[in-house]
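Presented below is the structure to which this report refers.
Read-outs: derived from the displayed coordinates by stated rules, not from any lab. This structure is a prediction, so every number in the text was calculated from the model and none was measured.
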Amino acid sequence: MNADTSERRLLITGIVGTIIAALCCFTPVLAVLLGVVGLSALLGWLDIVLFPALAFFIGLTIYAVWRRQRNTRNS
């Protein structure tokens, strides 16, 4: 796997993770899904998990973009 492929995968992972975490944080998607499955008791713990996950994936996306720009300049 070359550097371009790993940078692309890192960027895609960051973007997809950010979108999923944002959807679950700011819309009732996860609340509805947990209610349908019968796990609505977990709703109180969602903020403890989702906000750090959102921050992590945003940071991962920023890192991937920075790394890609740095390698583009060096090439």
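Couple of notes before you dig in:
- Under the span-like rule (Cα at least 24 Å along the axis, Kyte-Doolittle mean at least 0.5), DSSP H helices of the chain: 3-26
- Using alpha carbons only: equivalent-ellipsoid semi-axes of the chain, gyration tensor based, whole Å: 33, 11, 8
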